[in-house]
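To start, the structure under review is shown below, and the notes come after it.
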Amino acid sequence: MLLDVLQRYWGYDGFRPLQEAAMRSVLDGRDSVVVLPTGGGKSLCYQAPAMCLDGLAIVVSPLISLMKDQVDALRTNGIPAVFVNSTQTGAERARVAEDIRAERVKLLYVSPEKLVQDRMIEFLKGLKVSMFAIDEAHCVSEWGHDFRPEYRQLNLLRANFPDVGLHAYTATATERVRHDIAKSLELRQPDVLVGSFDRPNLIYKVERRKSGLGQVREVLDRHKGESGIIYCTTRADVDKLSIELNGQDFKTLPYHAGMADDERRRHQDDFIEDRCDIIVATVAFGMGIDKSNVRFVIHYGMPKSLESYQQESGRAGRDGLEADCCLFHSGSEYIRWQRMLEESPPGPVREAAAQSLEAISKFATGANCRHRALVNYFGQDLPAEQAESCGACDVCLGQLDLVEDAQVIGQKILSSVFRQDQRFGGDYTALVLKGSLDQRILQNGHDKLSTHGLLKDVAQKTIRDWIEQLVGQGFLKKDGEYNILKLTPTGWQLIKGELTPKLLRPAPPKREKRQAVVIGDSWDGVDRGLFDTLRDLRRAKAGALSVPAYIVFGDTALREMARRRPTTIADFRSVKGVGDKKLADFGQEFIACITNYCQQHGVATDTPGRTATEDNGPNLSALAAFRLFREGRSIGDVANVISRATSTVTGYLAEFIRHDGITDPSPWVPAELIPRIEAAVRKHGFERLGTIFDELNGEVSYELIRPVLDCLRVREHFGEES
Ligand code: ADP
Ligand code: ZN
């Protein structure tokens with residue numbers, strides 16, 4: 001039944017993790033708290049069961065703009081949904097009420113303040129209500145980052161609708177918030193479903209802000225024609241950066257709370273509806289931005305907490321396709337946030353905020369896997385297969401700017417901790433290593449230690465960062481109330497020279513030459529020309545319907561169309577994201593567009609789709625393959641281990657060679673063949689694969705030619721650059 005509904009209305013053929021359990025909870029009439037990361041598919045958790053249940057589902061949604069988009073999206077899928085809010089005229093509201101009474105509606109979206117009005121409650125009591133879905137439910141909690149007093153009043157739902165299931169949905173992860181939600185809404189033994197907070201399709205990168213603009217440009221250049229958000233910490237920064245970028249031929253729009261309402265609104269719409277690719281904004285921008293195809297989120301400055309960072313960066317890649325999250329920070333933001341904290345009233349809320357600030361600062365200055373750091377903060381761990389490397393952050397991809405003598409530095413720091421009898425904290429230890437003649441140091445006689453002044457040429461702040469990095473990597477631990485530093489067993493191994501830590505280089509590093517990475521194969525086989533053509537058609541359709549482009553079709557669906565190029569109704573219907581209604585509304589035109597394009601350009605149509613498993617996790621399997629290639633494993637071997645077709649793995653290898661800048665194909669090609677293949681490539685050029693094959697008398701398979709060719713290309717590329 002559920003699967004049927006999913007197929008019919010959304011064109012999806014399966015559930016995302018926890019979706020099915022969350023839907024069961026609704027169907028069975030229990031209460032629930034569902035915590036899924038952004039892009040995890042929360043909306044479907046109540047929308048699909050609403051279609052199976054008798055009566056009207058009520059969705060509480062805090063933002064009017066979000067409401068309209070969601071209702072539009074449902075209607076384009078053929079689902080009867082409506083909303084009620086203050087922007088409507090009396091006549092419009094009367095029509096909505098009539099549709100509801102006539103049972104022509106399955107979902108009603110309403111703001112919390114509207115819902116709790118007596119008239120509304122009485123109206124709903126006269127109807128058959130199937131469930132309440134409370135979206136962005138963390139707004140009930142003071143501990144959440146977005147407390148809204150009107151959410152508190154939602155507790156009256158329980159008393160007025162004792163027999164109707166209440167379901168809360170949020171992406172905010174902390175246990176405290178979860179408890180608060182259940183308590184405030186008076187939920188009855190709710191099913192608590194907490195998903196994994198990791199977002200494997202996001203590629204994290206953290207850098208000190210150096211050139212600033214140059215670093216931002218580098219990301220933008222990589223994402224020409226794609227949507228992205230640049231977050232600044234102040235309004236002044238927003239205005240300045242937006243103007244600077246516009247002066248360099250990027251088209252950006254600013255957004256912050258200091259702007260006039262209508263201008264702000266216009267800029268937001270231009271971004272959502274793909275008329276402008278880049279928005280430069282303060283944190284005022286984002287709640288309710290449901291745009292699925294945001295390909296990058298840049299933080300031009302450190303946000304005030306790790307929770308905010310997770311939320312804001314999480315707006316990238318909702319559609320599950322890879323996206324870049326880059327944080328460019330400088331020490332000045334930390335100091336500013338700390339000042340603001342000191343000015344706020346003391347108490348538990350301020351304490352919690354101070355902890356979050358420490359957490360983001362550690363995240364930014366640390367040298368641990370970013371994916372792991374984020375999920376650990378929310379009390380989870382990465383799956384075992386990513387224990388070594390997540391394959392999607394600067395740390396695991398080896399892009400950090402590391403000091404070369406990390407072992408010696410680490411040993412110096414650890415031996416100082418040891419010689420101080422493991423009785424002092426990080427600040428003190430840094431002072432000793434710097435060679436300070438501070439009162440306390442003199443009193444303790446630590447100016448006599450052999451480690452005193454051992455790092456005197458290094459900035460105090462850098463030593464302090466290194467200490468945190470050593471803690472983060474388990475060489476030191478912090479003990480007790482005063483965070484006393486102690487050596488761990490791993491720390492002793494470092495002292496003995498058996499292990500080497502990763503320590504970040506403090507000085508502005510040289511510019512990285514290597515091409516930025518794009519992981520995964522979600523563009524594999526996609527005809528970019530066709531994709532762009534379909535994008536134009538999508539924009540035209542969306543314009544005619546006055547809805548954002550992604551509501552017509554998401555990027556995922558568009559890529560699949562441009563990859564498989566379906567020309568029959570049945571094939572087109574099997575594209576993920578094409579349900580019955582969209583097939584009827586858009587099918588013919590899109591199929592005609594595909595057919596036309598393919599005829600004109602001599603491109604094959606109706607190529608087979610990929611398997612379901614590949615669709616669910618191209619990034620992950622590519623990443624797993626990368627790791628195995630690094631160990632020098634063969635294509636066949638890798639194909640076996642990750643259960644993928646050889647042809648797929650051959651594609652991964654090509655990507656791996658580019659990505660890691662591999663120049664020697666010998667792990668994958670017999671040594672005696674390499675010179676022969678290279679000669680043939682040199683003779684005919686990189687693009688003539690068929691001719692090269694013929695040149696080698698058809699004796700050497702494409703699978704062997706390709707790695708040699710790709711390695712040669714890397715060599716030539718670097719040759720040009722240096
Ligand atoms: P959230 O509200 O948790 O951030 P959404 O409900 O907006 O996430 O879903 C994110 C995207 O994933 C949407 O484009 C949605 O249509 C898509 N999606 C959700 N569930 C599925 C599914 N079972 N199969 C395929 N796509 C899905
Ligand atoms: Zn990582």
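The values are calculated or read from the model by the stated rules, or taken from the named source; none is laboratory data. Fair warning: this is a prediction, and the values are worked out from it, not measured in the lab. No Cβ is skipped: glycine too gets one built from the backbone with ideal geometry, and neighbour counts run over all protein chains shown. Side chains are part of the model used for accessible areas, which takes the heavy atoms of the whole protein and leaves out ligands, DNA and RNA. Shrake-Rupley method; radii C 1.70, N 1.55, O 1.52, S 1.80 Å.
A compact table of results
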| item | result |
| --- | --- |
| Candidates per trypsin sites (Lys or Arg not before Pro) in the stretch 293-384, loop by DSSP, up to 12 other Cβ within 10 Å | none |
| Accessible area expressed per residue, the stretch 13-86, with surrounding protein chains retained (probe 1.4 Å, Å²) | 29 |
| Carbon/sulfur fraction of accessible area - the stretch 226-279, other protein chains in place, 1.4 Å, % | 45 |
| Per residue accessible area of the stretch 202-387, 1.4 Å probe, in Å² | 40 |
| Taking all pairs of distinct alpha-carbon atoms in the stretch 5-65, Kirkwood radius in angstrom | 12.5 |
| Whole-Å distance, taken between Cα centres, linking the stretch 61-89 and the stretch 481-498 | 56 |
| Cα-projected label distance for GLN588 with SER634, points at 7 Å along beta-carbon direction, nm | 5.5 |
| Contour minus Cα-Cα distance for ALA94 and HIS179 (0.36 nm per residue) | 26.8 nm |
| Sequence-separation-based contact order of the chain, relative, with Cα cut under 8 Å and 6+ spacing, percent | 11 |
| Violating pairs (Cα-Cα greater than 25 angstrom) within the set LYS240/LYS362; LYS114/LYS581; LYS362/LYS478; LYS224/LYS291 | LYS240/LYS362; LYS114/LYS581 |
| Reduced Cα scattering model of the stretch 519-717, Debye log10 I(q)/I(0), q = 0.08, 0.14, 0.15 Å⁻¹ | -0.35, -0.90, -0.97 |
| Amide H contacts of ARG208 (H built 1.01 Å from N, under 5 Å, at least 5 apart or other chain) | HIS329 |
| Simple label model, 7 Å out from Cα along Cβ direction - ALA352 to GLU498, nm | 4.3 |
| Cα-based convex hull volume of the chain per residue, rounded to whole Å³ | 188 |
| Percent carbon-and-sulfur accessible area, the stretch 519-717, ignoring ligands, DNA and RNA, probe 1.4 Å | 50 |
| Contour excess over end-to-end distance, with Cα ends at ARG188 and SER211 and 0.36 nm allotted per residue | 2.9 nm |
| Mean accessible surface per residue for the stretch 402-506, computed with a 1.4 Å probe while every protein chain stays in place, in Å² | 51 |
| Gain upon complete extension [ASP664, ALA102; 0.36 nm per residue less C-alpha separation] | 195.2 nm |
| GLN153-ALA284 pseudo-label distance in nm [points 7 Å out on the Cα-to-Cβ vector] | 2.6 |
| Dimensions in Å of the stretch 234-362 - Rg and Dmax from alpha carbons | 15.6, 48 |
